[in-house]
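Below is one structure; the comments refer to it alone.
The values are calculated or read from the model by the stated rules, or taken from the named source; none is laboratory data. Since the structure is predicted, the reported quantities are computational estimates derived from the model, not experimental observations. When we count neighbours, we look across all protein chains shown, and the Cβ atoms used for this are built from the backbone with ideal geometry, even at glycine.
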Amino acid sequence: MVSVPSTSVDSNPALLDEDGVIESASIAQPPSAFDVAADRAFRGAALGLAWGVVLIVCLVVVKVQSVALPAIHAYGAGFISGTVWDANRAIFGILPQIFGTLYTSIIGLIIGTIFGVAIAIFLSEGFLASFIDGGLKMVGYADNPWFGSLPTRIEALLKITLELLAAIPSVVYGLWGIFVVIPLVRPWADWLNAHLGWIPLFGTSLSGPGILPASLVLAIMVLPTISAISRDALVAVPPKLREAAMGLGATRWEAILGVILPAAATGIFGSIILGFGRALGETIALAMLAGNANVISWSIFSPCSTLAALLANHFPEAGAVEVGALMYAALILLAITLLVNIVGAVILQRAEAGLRGLR
Amino acid sequence: MGSKRSGFLLMPGTTLCAVLLLASSALGGGNITLQGTGATFPAPFYQRWFSEYHKLHPEVQINYQALGSGAGVKQFTDGLVDFGASDAAMTDDEIKQVKDGVVMLPMTAGSVVLGYNLPGFTGDLRLSREAYIGIFLGKITAWNDPKIAAANPGVTLPATKITVVERSDGSGTTYVFTNHLSAISDEWKAGPGVGKSVNWPVGVSGKGNAGVTALIKQTPGAVGYVEYGYAKETKVPMAVLQNKSGNYVKVDLASEQAALAGVAMPADMRAWAPDPGGADAYPIVTYTWLLCYKKYAKPEVAETLKAIIRYGLTDAQNFSAALGYIPLPAAVVAAVTKAVEQITP
């Protein structure tokens with residue numbers, strides 16, 4: 001009894017001493033010339049690439065602007081307020097496209113945000129776990145380790161499935177929209193138009209492609225962006241906040257709506273801005289679903305046109321004059337996207353400042 | 001294989017693809033790749049023609065990219081390709097910009113049809129000139145309009161709203177169709193006019209023949225213009241149209257050939273048929289052109305291209321009807337065969 005611990009005590013310090021000496025000798029060395037060079041090279045490369053990104057954006061803007069310059073001089077501000085695009089008569093105006101771009105993006109974003117945030121709450125607040133646990137308790141499997149990890153596994157599966165939506169090519173969304181979404185919404189659209197046609201929102205009948213199908217498909221396209229980032233934001237809310245809310249007697253929904261969602265608002269808002277950027281620039285799916293008609297209408301069943309779709313449709317066959325006008329339109333799309341991002345960044349900053357005390 | 005391949009004299013511009021093809025077919029001699037860009041309208045016919053030629057002459061590889069007539073003319077003018085293709089013949093101004101000279105060769109012809117979707121309606125839908133002009137101008141908005149009903153006695157047409165479907169992208173098909181509409185209606189000429197894309201008064205639009213066809217098929221009450229070959233392949237119902245003589249004509253090989261028979265081929269090969277006469281002529285037909293340079297820097301390119309075109313004028317014409325195109329009339333074949341000789345090394 002006595003001899004065993006004594007030997008272990010004797011041998012252990014000796015080993016530790018040896019190890020300690022050897023390790024400290026190998027670690028505490030000044031960086032070699034190679035280390036310094038590698039570090040400098042890496043820093044230089046990272047800095048160069050970071051500036052390279054900025055440079056590329058500037059080059060794109062400069063190039064687009066230089067091609068657009070004749071059109072900017074020729075059409076000026078009338079280009080933005082004009083409603084006719086007629087390449088044969090060299091009359092160009094993109095008000096319907098600006099309207100269509102913003103209208104479809106905003107409707108798509110509203111639908112996408114509602115579903116995206118709901119999904120994020122569902123996947124992050126343990127709803128699945130409480131549901132499955134309840135079921136497991138009834139059949140007496142609640143303590144089984146395999147079944148115990150079931151909610152986490154299903155959550156992971158749902159998350160991956162959702163993120164997979166982002167990997168579907170745009171053109172597939174477009175085809176799916178034509179062959180699935182449009183026939184699906186047609187009976188509802190016809191009913192709404194027939195019975196509630198006096199509301200401007202339902203003022204025209206659906207002629208196939210239009211604002212509603214385009215917005216619905218956009219909503220699905222921005223869904224993975226919004227739900228994935230919102231979920232991360234919700235998960236990142238400090239547990240002490242959650243516990244404090246519960247400790248003060250808040251119900252689950254009071255805690256979610258009153259405490260956790262506001263605390264995660266920054267991240268959720270960021271996800272919405274990212275989604276908006278995606279929706280504004282979406283091209284092929286919209287070229288297939290918006291109807292590409294030069295129309296400004298508040299009716300969600302009316303066809304419309306978007307800036308990106310205009311570019312995609314007209315670029316391949318455009319003559320020199322039309323290319324200038326198209327570049328002008330591209331410049332305006334760039335400006336709109338930039339504006340949205342700046343406004344988003346400002347709001348994010350404000351929101352973050354208001355929440356600083358919580359961290 | 002390797003030893004045979006090493007014996008080749010590789011011409012500049014040969015692609016790896018061509019090398020591999022040659023290696024696998026184990027043939028000797030030089031090989032050559034021609035690059036072409038242009039119209040989508042005749043693309044199925046061109047693809048077939050070039051692939052058949054390649055089967056007979058494995059040393060010749062022809063890459064045809066169907067990017068559209070506008071892209072075809074642009075790349076041809078910039079000298080980026082060996083030949084171009086366009087549904088709208090080049091204008092005098094466009095020809096002036098090509099320093100090596102232009103030889104325009106009509107290689108095939110096709111027609112544009114009005115496809116429609118009227119659920120519950122069977123039989124042939126007849127559209128008078130007044131009716132289809134009215135539909136595309138947005139003046140006729142329902143299928144039971146008296147102007148449509150007048151041409152379809154004994155048939156009850158539904159009160160379905162008409163949805164006009166157009167091409168959203170610039171295209172030769174649009175050019176041919178609007179050229180026809182302008183020829184038969186002064187109001188159209190003064191309004192939307194002629195072009196590869198025009199400012200449509202009404203309707204929705206889809207991208208490419210495929211997009212238009214999909215929209216027609218998905219939208220009850222839709223009517224839109226598509227290339228005949230495409231409509232035939234996808235089995236879209238096609239309207240029977242009234243021609244210049246006032247007769248209602250179904251689109252088929254006989255009516256298309258009747259239309260071409262009435263078009264005289266001028267020396268510069270720019271024959272337009274915006275509204276062909278003839279009692280049995282289908283009203284919307286067009287030639288489509290291959291654009292070649294008069295002078296080629298490399299003699300072998302010129303010779304190969306001429307051989308390909310001669311094949312296209314003779315044996316390849318047999319494929320066109322099955323693909324929905326019109327075989328060239330014998331007189332046109334003779335004229336084009338002569339014109340090919342303008343291509344010189």
Filter the stretch A:204-242 for residues that are within 14 Å of another protein chain (Cβ to nearest Cβ) and in contact with a Ser or Thr (Cβ under 7 Å, 6 or more places away or on another chain); the one that is nearest to A:PHE276 (Cα to Cα) is A:ALA214
Per the filter on the stretch B:167-195, residues buried (at least 24 other Cβ atoms within 10 Å of the Cβ) and without any contact (Cβ under 8 Å) to a residue 60 or more places away in the chain are B:ARG167, B:SER168, B:THR174, B:THR178, B:LEU181
Those residues of the stretch A:203-224 which are surrounded by 24 or more Cβ atoms within 10 Å (Cβ to Cβ) and over 27 Å from the mean Cα position of the chain (by Cα) amount to A:LEU206, A:SER207, A:GLY208
**Asked** Looking at this structure, is B:GLY154 touching a residue at least 12 places away in the same chain (Cβ under 8 Å) and among the small types (Gly, Ala, Ser)?
**Response** no
Condition set in a helix (DSSP H, G or I) and without any contact (Cβ under 8 Å) to a residue 60 or more places away in the chain, scope the stretch B:239-281, selection surrounded by the fewest Cβ atoms within 10 Å (Cβ to Cβ): answer is B:ALA254
Filtering the stretch B:20-34 down to residues that are crowded, with 17+ Cβ neighbours inside 10 Å and either among the hydroxyl-bearing types (Ser, Thr, Tyr) or modelled with pLDDT of 85 or more (or both) yields B:ILE32, B:THR33, B:LEU34
Reported set for the stretch A:337-359 where residues are over 30 Å from B:LEU67 (Cα atoms) and at pLDDT 80 or above is A:LEU338, A:LEU339, A:VAL340, A:ASN341, A:ILE342, A:VAL343, A:GLY344, A:ALA345, A:VAL346
Restricting the stretch B:142-193 to residues that are charged (D, E, K, R) and within 10 Å of chain A (Cβ to nearest Cβ), the one nearest to B:ALA71 (Cα to Cα) turns out to be B:ASP169
Those residues of the stretch B:121-130 which are buried (at least 17 other Cβ atoms within 10 Å of the Cβ) and touching a residue at least 40 places away in the same chain (Cβ under 8 Å) amount to B:LEU125, B:ARG126, B:LEU127, B:SER128, B:ARG129
A careful count of residues in the stretch B:194-218 that are assigned to a loop (DSSP other than H, G, I, E, B) and either in contact with a Leu (Cβ under 9 Å, 6 or more places away or on another chain) or more than 8 Å from every other protein chain (Cβ to nearest Cβ) (or both) gives 3
Among the residues of the stretch B:172-193, the number that are in contact with a Ser or Thr (Cβ under 7 Å, 6 or more places away or on another chain) and not in a helix (DSSP H, G or I) is 2
Expected single match for in contact (Cβ under 8 Å) with a residue 40 or more places away in the chain and outside any helix (DSSP H, G or I) among A:PHE276, A:PHE301, A:PHE269 is A:PHE301
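Okay, residues lined up against (1) of a type in the set (Ser, Thr, Tyr); (2) buried (at least 18 other Cβ atoms within 10 Å of the Cβ); (3) more than 14 Å from every other protein chain (Cβ to nearest Cβ); (4) out of contact with any helix residue (DSSP H, G or I) (no Cβ under 6 Å at 6 or more places or on another chain):
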| site | (1), (2), (3), (4) |
| --- | --- |
| A:GLY249 | no, no, yes, yes |
| A:TRP253 | no, no, yes, yes |
| A:GLY275 | no, yes, yes, no |
| A:ARG278 | no, yes, yes, no |
| A:MET288 | no, yes, no, no |
| A:LEU310 | no, yes, no, no |
| A:GLU322 | no, yes, no, yes |
| A:ALA330 | no, yes, yes, no |
Of the residues in the stretch A:77-93, those that are closer than 17 Å to A:LEU334 by Cα and either within 14 Å of chain B (Cβ to nearest Cβ) or assigned to a loop (DSSP other than H, G, I, E, B) (or both) come to A:ALA77, A:GLY93
| Taking the condition of a type in the set (S, T, N, Q) and on the phi < 0 side of the Ramachandran plot, does A:ASN292 pass? | no
Residue hits (the stretch B:129-157; of a type outside the set (A, V, I, L, M, F, W, C), assigned to a helix (DSSP H, G or I) and within 29 Å of the chain's Cα centre (by Cα)) are B:ARG129, B:GLU130, B:TYR132, B:GLY134
Checked the stretch B:43-71 for anything modelled with pLDDT under 90, within 18 Å of B:LEU323 (Cβ to Cβ) and either assigned to a helix (DSSP H, G or I) or more than 14 Å from chain A (Cβ to nearest Cβ) (or both); matches are B:ALA43, B:PRO44
Per the filter on the stretch A:117-155, residues within 36 Å of the chain's Cα centre (by Cα), in a loop (DSSP other than H, G, I, E, B) and over 19 Å from A:PRO239 (Cβ atoms) are A:SER149
Of the residues in the stretch B:226-241, those that are β-branched (Val, Ile, Thr) and within 18 Å of B:ILE133 (Cα to Cα) number 2
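Yes/no per residue for (1) under 24 Å from A:SER227 (Cβ atoms); (2) polar (S, T, N, Q):
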| position | (1), (2) |
| --- | --- |
| A:ALA264 | yes, no |
| A:ILE268 | yes, no |
| A:GLY281 | yes, no |
| A:ILE284 | yes, no |
| A:SER297 | no, yes |
| A:CYS304 | no, no |
| A:ASN313 | no, yes |
